[in-house]
1. Which residue out of L256, L187 is within 26 Å of L138 (Cβ to Cβ) and either surrounded by 14 or more Cβ atoms within 10 Å (Cβ to Cβ) or touching a helix residue (DSSP H, G or I) at 6+ places or on another chain (Cβ under 8 Å) (or both)?
2. Taking the conditions exactly as written (away from ligand 1 (no atom under 16 Å from the Cβ), more than 19 Å from I251 (Cα to Cα), open to solvent by 10 Å² or more (accessible area, probe 1.4 Å) and not polar (S, T, N, Q)), does A117 satisfy them or not?
3. Which pairs have Cβ atoms under 7 Å, sit 6 or more apart or on different chains, and link a residue in segment 191-205 that is farther than 17 Å from V31 by Cβ and open to solvent by 10 Å² or more (accessible area, probe 1.4 Å) to one that is modelled with pLDDT of 95 or more and within 16 Å of ligand 2 (Cβ to nearest atom)?
4. Does S176 fit the bill of being within 24 Å of G33 (Cβ to Cβ) and either at pLDDT 95 or above or not hydrophobic (A, V, I, L, M, F, W, C) (or both)?
5. Which pairs have Cβ atoms under 7 Å, sit 6 or more apart or on different chains, and link a residue in segment 230-250 that is more than 21 Å from R214 (Cβ to Cβ) to one that is of a type in the set (D, E, K, R) and modelled with pLDDT of 95 or more?
6. Looking at this structure, is T137 within 15 Å of ligand 1 (Cβ to nearest atom) and touching a residue at least 12 places away in the same chain (Cβ under 8 Å)?
7. If you go through segment 163-184, how many residues are within 16 Å of ligand 1 (Cβ to nearest atom) and either over 15 Å from L116 (Cβ atoms) or open to solvent by 10 Å² or more (accessible area, probe 1.4 Å) (or both)?
Amino acid sequence: MKLLDTHCHLCHPRLQSQLAGVLDRGRAAGVVGFVCASGNVSESERAAGIARTNGDVFFAAGVHPHDAKDAPPDYLKRIEQLAADPKNVAIGEIGLDYHHDFSPRPDQQRIFAEQLALAGKLAKPIVVHTREAFDDTLGLIGQSGADGGRVVFHSFTESADQLRRVLDIGAMISFSGIVTFKNTSYLREAAAIVPDEKLLIETDAPYLSPEPVRKIRTNEPGHVAHIAVSLGAVRGISPDALAELTTRNAIRFFGLQSVR
Ligand SMILES: [Zn+2]
Ligand SMILES: [Zn+2]
């Protein structure tokens, strides 16, 4: 099985402290590429470092809504510099999170809008995080003039109606381990209607361990195979076929020509 984990936090201390083992276990499980997501400038710099020393690791650079209030004044310039790195494949994760509200909403909105504009200027894919902020998230994407086809809604957990609105703008949908949980049948039903070419999978490690390893506290990229099994069942195809499809989509969306 050839898998691509389109969203993992390799810079998280729980993964970075055992990085060689995490990557090797992922490769042994069939992971041919890892896209490391970042939440702030210093994480983006660390992600770039990991990507430079591992051919199969790529990274997204960006400031997460949780960190919006702490973004340094020069953050946009530093993200732009990191985006020039040959292993940078996206701006992210960026967006709005009104569930946690760790940053004031005006800060979240400003930082999201500024990074949407940067991604547009640089013609980079955009990794979006949204939680209980769906309308504002779609609104800001619309205002930015971003090409919806260059956007992925990561760790999708919204309703089927919202999923249709994401598909209407042409965006990609990425499912994490949440789609394997017993109490998320609504999400599996939504996952069944995503067109083949819009589907991606991710672990969001070290968070969100999928079934049947949900009890393992530190999730890691090698567990992405469980998501392929679950989504394959929902869509009536084999895990191998699901893996092949989503890996092909990820290579196209992020431009990962070096992955084979
Ligand atoms: Zn997220
Ligand atoms: Zn994440």
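The values are calculated or read from the model by the stated rules, or taken from the named source; none is laboratory data. Note that this is a predicted model, so its numbers are computed, not measured. Note: ideal-geometry Cβ built from the backbone for every residue, glycine included; neighbour counts use all protein chains shown. The protein model used for the area step is the full one, side chains on, heavy atoms only, and it has no ligands, DNA or RNA in it. Shrake-Rupley method; radii C 1.70, N 1.55, O 1.52, S 1.80 Å.
1. Selected residue: L187, the only one of L256, L187 that is within 26 Å of L138 (Cβ to Cβ) and either surrounded by 14 or more Cβ atoms within 10 Å (Cβ to Cβ) or touching a helix residue (DSSP H, G or I) at 6+ places or on another chain (Cβ under 8 Å) (or both).
2. yes
3. Short answer, once both residue conditions are applied: K198/M172; K198/I173.
4. Against the criterion (within 24 Å of G33 (Cβ to Cβ) and either at pLDDT 95 or above or not hydrophobic (A, V, I, L, M, F, W, C) (or both)), S176 qualifies.
5. E244/K2; L245/D196; T247/K2; N249/E197
6. yes
7. Qualifying residue count for the region: 9.
Yes/no per residue for (1) surrounded by fewer than 21 Cβ atoms within 10 Å (Cβ to Cβ); (2) out of contact with any Cys (no Cβ under 7 Å at 6 or more places or on another chain); (3) of a type in the set (V, I, T):
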{"position": "L10", "(1), (2), (3)": "no, no, no"}
{"position": "A20", "(1), (2), (3)": "yes, yes, no"}
{"position": "E45", "(1), (2), (3)": "yes, yes, no"}
{"position": "D67", "(1), (2), (3)": "no, yes, no"}
{"position": "V89", "(1), (2), (3)": "no, yes, yes"}
{"position": "L96", "(1), (2), (3)": "no, yes, no"}
{"position": "Q108", "(1), (2), (3)": "no, yes, no"}
